[in-house]
Each structure stands twice: as C-alpha cells, then as structure tokens.
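What follows is one structure encoded as structure tokens, with my remarks underneath.
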Amino acid sequence: MTLSIPPSIQCQTEAACRLITRVTGDTLRAIHLYGSAVAGGLKPNSDIDLLVTICQPLTEAQRATLMQELLALSSPPGRRQKNALWRSLSCFIRSWFPGVFHLPGKCNLASG
C-alpha cells in the first residue's frame, strides 16, 4: 500500500530521504514512514518516524554524517518554525540477504 505523505511534513521527509539515500548508497533497501504521520494522528508537536532498511552495517563515517545532517534537518523543541516538526529517525536495520529480513535485526543508528 502506498500512502501520500502529509503536506505539513512532505519537504522535511523528502529531505531526510534524499540524505539517507545519498549516504547509504547501494546498501539502501527501503525507507518506511510510520507512526502518527500514517496513522492519522499527526499533530504540530509530533515527530516524523522513519525506519530504514540497509543490507550492510553503517560505517563510522556514514553514522557520523547521518547524525550531523539529520540534526541539521530537525527543528528542536522551542525553536520550531511554523508547521515544522521534530524529526526522529528511529533506526537502521541490517538485513543479511537481499529481500530477506532476519530477526532480530540490528539497530545501527538511533536518532531523535
């Protein structure tokens, strides 16, 4: 199922997806938007939850770049621009084989 991204978070979500795609490159398998943004409960103080699936562990350089640049995309509480939300990248999960997700996955990065 494909749902549209709520207009109030579309620019921020697309910017985060571009960043994740650029940094993870060929290891990227999927980016999932979840939480209140798709459940219909998005409010002005809601975060934006992304679950990213990659097929290789993040390098230290990738992890540092993502942490720094995702923080730059975020609006901290108390410094929000009009209609800006605090973004939360929930975690990166490593899948051992293309197309196969093995549990338990391994969180490579949690931010937000």
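Return the residue satisfying two criteria in turn: it lies in segment 1-55 and is part of a loop (DSSP other than H, G, I, E, B) and hydrophobic (A, V, I, L, M, F, W, C), and of such residues it is surrounded by the fewest Cβ atoms within 10 Å (Cβ to Cβ). Outline the logic, then answer.
Pass one, segment 1-55, residues part of a loop (DSSP other than H, G, I, E, B): 1-6, 35, 40-46, 55.
Applying the additional criterion that residues be hydrophobic (A, V, I, L, M, F, W, C) yields 1, 3, 5, 42, 55.
Values: M1: 3, L3: 8, I5: 16, L42: 17, C55: 17.
Among those that are part of a loop (DSSP other than H, G, I, E, B) and hydrophobic (A, V, I, L, M, F, W, C), it is M1.
When segment 59-83 is examined, which residues are found to be assigned to a loop (DSSP other than H, G, I, E, B), over 14 Å from the mean Cα position of the chain (by Cα) and either buried (at least 17 other Cβ atoms within 10 Å of the Cβ) or at pLDDT 85 or above (or both)?
Residue satisfying the conditions is T59 alone.
Within segment 50-58, at least one residue is out of contact with any Phe, Trp or Tyr (no Cβ under 7 Å at 6 or more places or on another chain) and closer than 19 Å to A15 by Cβ.
The values are calculated or read from the model by the stated rules, or taken from the named source; none is laboratory data. From a predicted model like this one, the values you see are computed outputs, not experimental measurements. Here the Cβ is made from the backbone with ideal geometry for all residues, glycine too, and neighbour counts use every protein chain on show.
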